[in-house]
Amino acid sequence: KTVYLKDYTPPPFIVEAIDLDIDLRDDHARVRSRLAIRRNPNMRPSTGPLVLDGDELALESVKLNGRPLAQDEYRLDAQRLIIPQTPDALALETVVRIHPHQNTQLMGLYASKDGFFTQCEPEGFRRITFFIDRPDVMARYTTTIHADKARYPYLLSNGNLIAQGDEGSGRHWARWEDPFPKPSYLFAMVAAKLDRLEDTFITRSGKRARLQIYVEPGKLDQAGFAMQALKKAMKWDEDVFGLELDLDQYMIVAVGDFNMGAMENKGLNIFNTKYVLARPDIATDLDFQHIDRVVAHEYFHNWTGNRVTCRDWFQLSLKEGLTVFREQEFGADMYSRPVQRICEVRHLRATQFPEDAGPMAHPVRPQSYMEISNFYTATVYEKGAEVVRMIHTLIGKENFRKGMDLYFRRHDGQAVTCDDFVQAMQDASGVDLTQFKRWYDQAGTPVLDVSDHYDPTTQRYTLTVKQSCPPTPGQPEKLPFHIPLALGLLDRDGQDIPLWLEGDDAAHPPAGDGAPGSTTRVLSVTQPEQTFTFLRVPAKPVPSLLRGFSAPVHVRYPYSDQALAHLMAHDSDPFNRWEAGQRMATDLILKGIAELKAGRDLVVPESFVGAMARLLKGDEGYGPRDPAFAAEALSLPDENFIAEQMEVVDPDAIHAVRTRLARILAEHLRDEFSHAYRAHAVPGPYSPDAASAGKRALRNRCLAYLAETQDPQALRLAFVQFETADNMTDAMAALSILTHFDCPEREQALEAFYARWKDEPLVVDKWLRVQATSRLPDTLEKVKRLTEHPAFSIKNPNKVYSLIGAFSTGNHVRFHAADGAGYQFLADQVIILDKLNPQVAARLARAFDRWRKFDGGRQAHARAALERIRDTAGLSKDVAEIVTKALGGS
Ligand code: ARG
Ligand code: ZN
């Protein structure tokens, strides 16, 4: 059954307080809950029944105002407990039995290696106790946990520890009280044997907060970086948004079995180990960076998510889009802003653009869902962040801050909607955002078709911008979006021209960025077709369009190779300098694919090779002479991205041409790559800081190119790096190169790596991933064998994502094999996994999304695989939603 946004009604009952008592036993847990409930005063007069959500709960007793209810005084079905007759205010007590050890879904309360953990967002709390499990029901929580003392020394929940003690038979208990009313999805508890790292943070108003990170015993030496990340994030949020921690104690617990990345439970974040644990020899630069960002993300949720939460799950982007935006700004301030932006856009294009063009396309605020867990998507998160960023761009930094202040002044302690957020931004800035709000409700990636005209006699330069948006499921027609189009114009020397628009008041230009006469302007595109005229343009310029990727759209403009080379060399906007190179490479590969089909070899123009060479040398004009930037600019667009640019995807041709291009570059620039490889060695002990990481990134990109020559010496060089590296970044980079080549070093390195790291689960994940993403033709066979390997477990989401997920989303050419073997394999795995963990199974099944873009043969195989999943008995609604949408029904 489908849930619709338009059907939202406020809850007929509210829960003011909940007193939970959780007794953890060897094969079950007993949960007693006392709820203080009353009818929602805003919903009077109301006489409806009291309906509580519950999932896989064995009800032992239910009492209303202290009196046990008889069998005929309530109804119980698979998902609900219904009490038809209730007073307006009542105390409801239920006792249920649950089975955390059998909870393979990892939603609700579950057992993992070191103890018991919870995940409640979005609808896991109902798997712990009967409750009105929706985010607009906010209650005060008191939680008492009982467990064996030796096996589970730490008993944690949200808020403050108010009492604890022993209770005989080697057991103990602890009681926690959370002073902040919260929705059930923010509840958490942990009972485990862990090691604890402690620190303190003095907030800007002088309050001393205790910070604690709990990790698997023996791993304290891997928790330090996350603690520093937390402190950086706390300081940043005070400095940039004036937001301070509101708790005396802030805890992070790491667990190896976790469906997603991390969870912002009030005062008790629970994290996937992969976003906490790090040490130079086991984590890469990218892992360190992700830890910084995820720790910050969850911390930022304390205000954007927890203090102000979502009215309903359709509003998920209210907290996620905004928090991702905040996390991105934090990342930009901690690392290189342009490089962070490049990576974010690359990620958006790799995940969200295809989503927006496929069967699961949905607006940032979805209008319906079958299973809300399926909507923790790139659209809600990453496009949601782009929508917030566009508001920031349109109203400016200062107004954005005022808007945030107003948002908290109005809505602190409330469960609100995306409209409330935009309203605060509008009221604080005075900028009309009515049309802008369509971004929340219309799916699909808009296209801007840009054309231009220069008139030398009047020195007028006119840009014509047409916007369109392809149809998406349920939305055949779209209304025009309000699109901020940031742009600049470059003259022949590569200098920015001051921008005077027709209609500007040239006599009294307001000061500041984006003002008349400045070199980057933000045009508000609001009509289906619009023209913008620039005055006093001395010669035909090269337009630098969509600077900084100011909107999540496709821009089409007929750039010549020279114009792209000009932008690549001179654009003052680093993002567009990168973008120009990517466009050139994409055009080249697409042309090469056409040539290949005509039986001709790829032709690589000198302009492209020359541009790459200048990037490597860090020539004047190609700055910032930032190795991290050069590493990005030297990366060819990946196969998934090229596939999205084609009418009918030919994965073999894409792979062949892209690999060929890399090889040609490598052969032309062998000396330059060798030289840069040597020149960017990072001396001294490892540090994950941005500058060192940038050098390593460039160096390893060079090594990857050198290997493309397939020169045995280059492979040898990679192997030597693998063997001598004192850090995981360089070791892993070498291994990811070797994995593609059928050489003795490959097998030797893989074996040595496993032997050394088989007891570090996060490193074993890397070992699985690197094999799953190999371009070698027998990769699927290897992946199948690895599913039987002791290193793999289908019950652990990280293992599943590293092996099966990496193969199906990170190995385009092998997953989309013409014989359909990749599709069959994925279908088999989805079917097996669905019985254990439907949420993760559904995520895997998303790899089928783009099946209709392939040729008839592949489509037939994909359809058969999808139908086989669909027709499996007892399929979860999670997977059912994905496959029925993929097959085009509902
Ligand atoms: N709110 C969490 C975050 O973004 C993600 C939780 C996702 N949970 C899920 N079941 N899909 O930080
Ligand atoms: Zn989040």
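The values are calculated or read from the model by the stated rules, or taken from the named source; none is laboratory data. Predicted model, so just to flag it, every value in this text is computed and none were measured. Reconstructed Cβ throughout: ideal geometry from the backbone, glycine too, with neighbour counts over all protein chains shown.
Taking the condition of being in a helix (DSSP H, G or I), touching a strand residue (DSSP E or B) at 6+ places or on another chain (Cβ under 8 Å) and either among the β-branched types (Val, Ile, Thr) or at positive phi (or both), how many residues in region 305-328 meet it?
1
Tally time: how many residues in region 329-351 are outside any helix (DSSP H, G or I) and small (Gly, Ala, Ser)?
1
Does at least one position in region 359-368 carry a residue that is within 24 Å of TYR299 (Cα to Cα), in contact with a helix residue (DSSP H, G or I) (Cβ under 8 Å, 6 or more places away or on another chain) and either touching a residue at least 60 places away in the same chain (Cβ under 8 Å) or not hydroxyl-bearing (Ser, Thr, Tyr) (or both)?
Yes, there is a match, as at least one residue in region 359-368 is within 24 Å of TYR299 (Cα to Cα), in contact with a helix residue (DSSP H, G or I) (Cβ under 8 Å, 6 or more places away or on another chain) and either touching a residue at least 60 places away in the same chain (Cβ under 8 Å) or not hydroxyl-bearing (Ser, Thr, Tyr) (or both).
Starting from region 816-843, keep only residues that are without any contact (Cβ under 8 Å) to a residue 24 or more places away in the chain, then list their pairs with residues that are part of a loop (DSSP other than H, G, I, E, B) and within 16 Å of ligand 1 (Cβ to nearest atom) whose Cβ atoms are within a distance under 7 Å, requiring at least 6 positions of separation or different chains.
Note: no pairs meet the criteria.
Looking only at region 97-107, decide whether some residue is part of a strand (DSSP E or B), away from ligand 2 (no atom under 16 Å from the Cβ) and closer than 30 Å to THR47 by Cα.
No, region 97-107 contains no residue that is part of a strand (DSSP E or B), away from ligand 2 (no atom under 16 Å from the Cβ) and closer than 30 Å to THR47 by Cα.
Could you check region 190-304 for strands (runs of 3 or more DSSP E) lying wholly inside it with 2 or more residues that are surrounded by fewer than 24 Cβ atoms within 10 Å (Cβ to Cβ), out of contact with any helix residue (DSSP H, G or I) (no Cβ under 6 Å at 6 or more places or on another chain) and at pLDDT 95 or above? Even if it seems obvious, please write down each step before you answer.
Numbers: elements: 195-202, 208-215, 249-255, 268-272.
Counting at least 2 such residues, we get 195-202, 208-215, 249-255.
So is GLY108 of a type in the set (Gly, Ala, Ser), at pLDDT 95 or above, farther than 23 Å from VAL15 by Cα and buried (at least 19 other Cβ atoms within 10 Å of the Cβ) or not? Quick ask: steps written out before the conclusion?
Working: of a type in the set (Gly, Ala, Ser): yes; at pLDDT 95 or above: yes; farther than 23 Å from VAL15 by Cα: no; buried (at least 19 other Cβ atoms within 10 Å of the Cβ): yes.
When the stated conditions are applied, GLY108 does not pass them.
Does any residue in region 849-866 that is in contact (Cβ under 8 Å) with a residue 24 or more places away in the chain come within less than 7 Å, Cβ to Cβ, of a residue that is β-branched (Val, Ile, Thr) and crowded, with 20+ Cβ neighbours inside 10 Å six or more places away or on a different chain, and which pairs are these?
Hits for this filter: LYS853/VAL649; PHE854/VAL649; LEU866/VAL883.
Kindly indicate whether any position in region 504-514 is under 21 Å from LEU564 (Cβ atoms) and not aliphatic (A, V, I, L, M).
Within region 504-514, not a single residue is under 21 Å from LEU564 (Cβ atoms) and not aliphatic (A, V, I, L, M).
With (1) in contact with a strand residue (DSSP E or B) (Cβ under 8 Å, 6 or more places away or on another chain); (2) at pLDDT 95 or above as the list, and ASP26 as the residue in question, which single condition is left unmet?
So the condition that ASP26 fails would be (1).
Within the set of pairs 6 or more residues apart or between chains, which connect a residue that is of a type in the set (Gly, Ala, Ser) inside region 244-257 to a residue that is in a loop (DSSP other than H, G, I, E, B) with Cβ atoms less than 6 Å apart?
ALA254/VAL276
Can you list the helices (runs of 4 or more DSSP H) found entirely within region 759-813 that contain at least 3 residues being among the charged types (D, E, K, R)?
Counting at least 3 such residues, we get 761-772, 779-786.
Consider region 392-424. How many of its residues are touching a Lys or Arg at 6+ places or on another chain (Cβ under 9 Å) and not β-branched (Val, Ile, Thr)?
Of the residues in region 392-424, 11 are touching a Lys or Arg at 6+ places or on another chain (Cβ under 9 Å) and not β-branched (Val, Ile, Thr).
Could you list, in sequence order, all residues of region 227-268 that are within 16 Å of ligand 2 (Cβ to nearest atom) and within 16 Å of MET107 (Cα to Cα)?
Correct list: PHE258, ASN259, MET260, GLY261, ALA262, MET263, GLU264, ASN265.
Pick from region 169-189 the residues that are outside any strand (DSSP E or B) and on the phi < 0 side of the Ramachandran plot: which of them is surrounded by the fewest Cβ atoms within 10 Å (Cβ to Cβ)?
TYR185
Being away from ligand 1 (no atom under 14 Å from the Cβ) and on the phi > 0 side of the Ramachandran plot narrows it down to one of GLY267, GLY331, so name that one.
Only one candidate passes the filter, namely GLY267.
This table checks each residue for (1) within 15 Å of ligand 2 (Cβ to nearest atom); (2) of a type in the set (A, V, I, L, M, F, W, C); (3) touching a His at 6+ places or on another chain (Cβ under 6 Å).
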| position | (1), (2), (3) |
| --- | --- |
| GLU298 | yes, no, no |
| HIS301 | yes, no, no |
| LEU318 | yes, yes, no |
| VAL324 | yes, yes, no |
| ALA332 | no, yes, no |
| PRO338 | no, no, no |
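So, in region 545-566, exactly how many residues are in contact (Cβ under 8 Å) with a residue 24 or more places away in the chain and of a type in the set (S, T, N, Q)?
Count: 2.
List pairs: first in region 95-123 and within 30 Å of ARG67 (Cα to Cα), second within 13 Å of ligand 1 (Cβ to nearest atom) and small (Gly, Ala, Ser), Cβ under 9 Å, 6+ apart or cross-chain?
Cβ pairs passing all conditions: ILE98/GLY108; PRO100/GLY108; GLY108/GLY124; LEU109/GLY124; CYS120/GLY108; CYS120/ALA188; GLU123/SER373.
Could you go through region 70-78 and let me know if any residue there is part of a loop (DSSP other than H, G, I, E, B), modelled with pLDDT of 95 or more and closer than 30 Å to VAL215 by Cβ.
There is no residue in region 70-78 that is part of a loop (DSSP other than H, G, I, E, B), modelled with pLDDT of 95 or more and closer than 30 Å to VAL215 by Cβ.
Within region 721-733, how many residues turn out to be over 14 Å from PRO744 (Cβ atoms) and outside any loop (DSSP other than H, G, I, E, B)?
Going residue by residue through region 721-733, those that are over 14 Å from PRO744 (Cβ atoms) are 721, 724-733.
Cutting the leftovers down to outside any loop (DSSP other than H, G, I, E, B) gives us 721, 724, 728-733.
The qualifying residues number 8.
Pick from GLN435, GLN352, GLN414: which is modelled with pLDDT of 95 or more and within 26 Å of PRO10 (Cα to Cα)? Explain how you work it out, then say what you get.
On the way: GLN435 fails: within 26 Å of PRO10 (Cα to Cα); GLN352 fails: within 26 Å of PRO10 (Cα to Cα).
Matching residue, one of GLN435, GLN352, GLN414: GLN414.
Name the residue that is surrounded by the most Cβ atoms within 10 Å (Cβ to Cβ), counting only residues in region 367-417 that are within 16 Å of ligand 2 (Cβ to nearest atom) and in a loop (DSSP other than H, G, I, E, B).
THR377
Can you tell me how many residues within region 124-155 are outside any strand (DSSP E or B) and in contact (Cβ under 8 Å) with a residue 60 or more places away in the chain?
Qualifying residue count for the region: 14.
Suppose the filter is in contact with a helix residue (DSSP H, G or I) (Cβ under 8 Å, 6 or more places away or on another chain), of a type in the set (D, E, K, R) and part of a helix (DSSP H, G or I); does ASP834 pass it?
yes
Consider region 165-199. How many of its residues are within 29 Å of the chain's Cα centre (by Cα) and free of Cβ contacts under 8 Å to residues at least 60 places away in the same chain?
The number of residues fulfilling the criteria is 5.
Just checking, how many residues over region 548-573 are in a strand (DSSP E or B) and either closer than 16 Å to ILE497 by Cβ or out of contact with any Asp or Glu (no Cβ under 8 Å at 6 or more places or on another chain) (or both)?
The number of residues fulfilling the criteria is 2.
Which fully enclosed helices (runs of 4 or more DSSP H) of region 582-656 have 3 or more residues being closer than 28 Å to ARG858 by Cβ?
639-644
For the list (1) at pLDDT below 95; (2) in a strand (DSSP E or B); (3) of a type in the set (Gly, Ala, Ser), I need the number of the one condition that SER46 fails.
Against the list (1) at pLDDT below 95; (2) in a strand (DSSP E or B); (3) of a type in the set (Gly, Ala, Ser), SER46 comes up short only on (2).
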